[in-house]
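Take a look at the structure below.
The values are calculated or read from the model by the stated rules, or taken from the named source; none is laboratory data. Given the structure is predicted, the values throughout are model-derived calculations rather than measurements. For neighbour counting, all protein chains shown are included, and Cβ atoms are generated from backbone atoms with ideal geometry for every residue, glycine included. All accessible areas refer to the heavy atoms of the entire protein, side chains included, with ligands and DNA or RNA removed. Shrake-Rupley method; radii C 1.70, N 1.55, O 1.52, S 1.80 Å.
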Amino acid sequence: LVSRPRQDLSSGSAFVFVLPVHCSLTMAPLPRGKRRLQLVVYGATGFTGKLAVQYLVSQYGGPSSKGIRWGIAGRSRSKLEAVAREQGEGKLDNENDIIVADAGDSAALQALVEQTDVVISCAGPFSRYGSLLVAECSRAGTDYCDITGEIPWVREMIAAHDDEAQRSGARIVHLCGHDSVPWDLSTLALANKLKEKNPGEELARVDFFDDINGSASGGTLETAIGLQFGKDGKTKSAALRSFDYDVMLKPHHGTGPSDHRLKAKNIGFLKLCGRGEEAHRSMFVMSGVNANAVKRSNALNKYGAQVTYCEGQQWKTVFSALCFLATFFLFGLSLAFPPTRWFMRTFVLPKPGEGPSEEAMAKGYLNIKGIATGVNGTIVRSEIRFPVDPGYKDTARMIVESGLALALESHKIQCNGGVLTPAACQGKVLLDRLVQTGTAFTFY
């Protein structure tokens, strides 16, 4: 800080203080637990964001209810106020519960993250709208959860922010929705059950059989089209290029990749039911995302030195599986060519912000059977059930409970900062919260 004389016309010579551009007078943010808010829903005006707000209000009440201090955030005050009004009188009436912060405005995002313990983000595509928010949370030591399924972007965030988040104590937890909480937590539970049955056992293979009924929103389709046919996820940052191994294997400490690896052998087309298997399995569109989530979790939680991951969508008959595959192929073909892709996006597919009806979501479900095999041959089985549409209605529940696990039960979570997964961070605390709010989980 330096002072320089300046001639003032009214009072003669005076001194003004000049702050060098590299210097900042901003104070360090308060530690978590002492901030104004415990939780902020970012992207609260989008389709899943609105569902998250509705879930918070219905399950826990407004920001002043049950001791939870929470707010909503996004780029449009008018849209945020509309969301607040939709919750009814007495729920989100305080203007301080509404925070305006554009995804590209670093100063606004800094102000947001420094007044809350946890941010849960529903604002995708995350490769377009999520990077600055993760950067600010990592810097400020603010916990963060999102519902991304964009694995190239997750890799970028690990490369760019894992070290900083470890230093600040920020727990950056991606993949906290349908992608990939059910499979990630099931693998954690199965690996622990193997150890319980045989302390010398470690995970060698995990198979998943997915029974799902759901549909896609405009935001999900926009993300998928951007990844498949657009520029999203196509270029690697210098930070990511600096790693000579898959950054999903980056350990908490030390250099080089974790020595706990995972190889994905998901169903590529159709696999008929074999001896000891639950059902026929076809390819499942999100199996690659889930495999990468479990790959990251295994690198940090150390389930097994060489784990094989195999997932597919289950079918009772070969005919039903073939019908699904034919429909999926034709849909993919319609998006592969620019003219038909334009037609589908313009006239057929839901737009960002649009999604399934309440009636359709009520008919949705997700049931997953898991089979874990240990290196010594021990086998354990699990089943996890989500009672409504898993991609939106229950994703809203998953992301809220992921954030509340950090905000309310941090003392139970044995995890320091870093760029993590649900199984490597909230773990059993999150599974218990989900079971208490509607999920069923059993070993069989």
Restricting region 98-120 to residues that are part of a loop (DSSP other than H, G, I, E, B) and in contact (Cβ under 8 Å) with a residue 40 or more places away in the chain, which is least open to solvent (accessible area, probe 1.4 Å)? ALA101
Does region 323-337 include one or more residues that are open to solvent by less than 10 Å² (accessible area, probe 1.4 Å) and either in a helix (DSSP H, G or I) or of a type in the set (Gly, Ala, Ser) (or both)? no
Of the numbered conditions (1) in a helix (DSSP H, G or I); (2) surrounded by 17 or more Cβ atoms within 10 Å (Cβ to Cβ); (3) in contact (Cβ under 8 Å) with a residue 40 or more places away in the chain, VAL53 satisfies every one except a single condition; which is it? (3)
Restricting attention to region 202-233, the residues that are of a type in the set (Asp, Glu) and under 18 Å from SER282 (Cα atoms) number exactly 3
Looking at this structure, is LEU80 closer than 28 Å to PRO125 by Cα, outside any helix (DSSP H, G or I) and open to solvent by less than 20 Å² (accessible area, probe 1.4 Å)? no
Number of the condition not met by ILE384 [criteria: (1) among the aliphatic types (A, V, I, L, M); (2) more than 26 Å from HIS252 (Cα to Cα); (3) out of contact with any Phe, Trp or Tyr (no Cβ under 6 Å at 6 or more places or on another chain)]: (3)
Condition first: aliphatic (A, V, I, L, M) and either in a strand (DSSP E or B) or free of Cβ contacts under 8 Å to residues at least 24 places away in the same chain (or both). Now tell me which residues in region 370-382 satisfy that. ILE371, ALA372, ILE379, VAL380
Looking only at region 296-322, and only at residues there that are of a type in the set (A, V, I, L, M) and surrounded by fewer than 16 Cβ atoms within 10 Å (Cβ to Cβ), the one that is nearest to the chain's Cα centre (by Cα): ALA305
If we keep just the residues of region 219-265 that are among the basic types (Lys, Arg) and within 20 Å of TYR303 (Cα to Cα), which is surrounded by the most Cβ atoms within 10 Å (Cβ to Cβ)? LYS250
Selection from region 400-419 of residues open to solvent by less than 10 Å² (accessible area, probe 1.4 Å) and assigned to a helix (DSSP H, G or I) yields VAL400, GLU401, SER402, GLY403, LEU404, ALA405, LEU406
Filter result for ALA326 (more than 19 Å from THR220 (Cβ to Cβ) and in contact with a Ser or Thr (Cβ under 6 Å, 6 or more places away or on another chain)): no
Note on region 149-174: residues surrounded by fewer than 24 Cβ atoms within 10 Å (Cβ to Cβ) and in contact with a strand residue (DSSP E or B) (Cβ under 8 Å, 6 or more places away or on another chain) are ASP162, GLN166
So GLY90 passes all but one of these: (1) modelled with pLDDT under 95; (2) open to solvent by less than 20 Å² (accessible area, probe 1.4 Å); (3) at positive phi. Which condition number does it fail? (2)
If you check ALA123 against the conditions, is it of a type outside the set (Val, Ile, Thr), within 13 Å of the chain's Cα centre (by Cα) and either buried (at least 24 other Cβ atoms within 10 Å of the Cβ) or assigned to a helix (DSSP H, G or I) (or both)? yes
Residue selected from region 341-376 under the condition at pLDDT below 95 and β-branched (Val, Ile, Thr), by the criterion nearest to ASP394 (Cα to Cα): VAL348
Looking only at residues in region 188-218 that are among the hydrophobic types (A, V, I, L, M, F, W, C) and farther than 20 Å from ASP259 by Cβ, which one is surrounded by the fewest Cβ atoms within 10 Å (Cβ to Cβ)? ALA216
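A quick yes/no check of all residues on (1) touching a residue at least 12 places away in the same chain (Cβ under 8 Å); (2) within 23 Å of the chain's Cα centre (by Cα); (3) surrounded by 19 or more Cβ atoms within 10 Å (Cβ to Cβ); (4) not in a helix (DSSP H, G or I):
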| residue | (1), (2), (3), (4) |
| --- | --- |
| TRP342 | no, no, no, no |
| ILE368 | yes, yes, yes, yes |
| ILE384 | yes, yes, yes, yes |
| THR395 | yes, yes, yes, no |
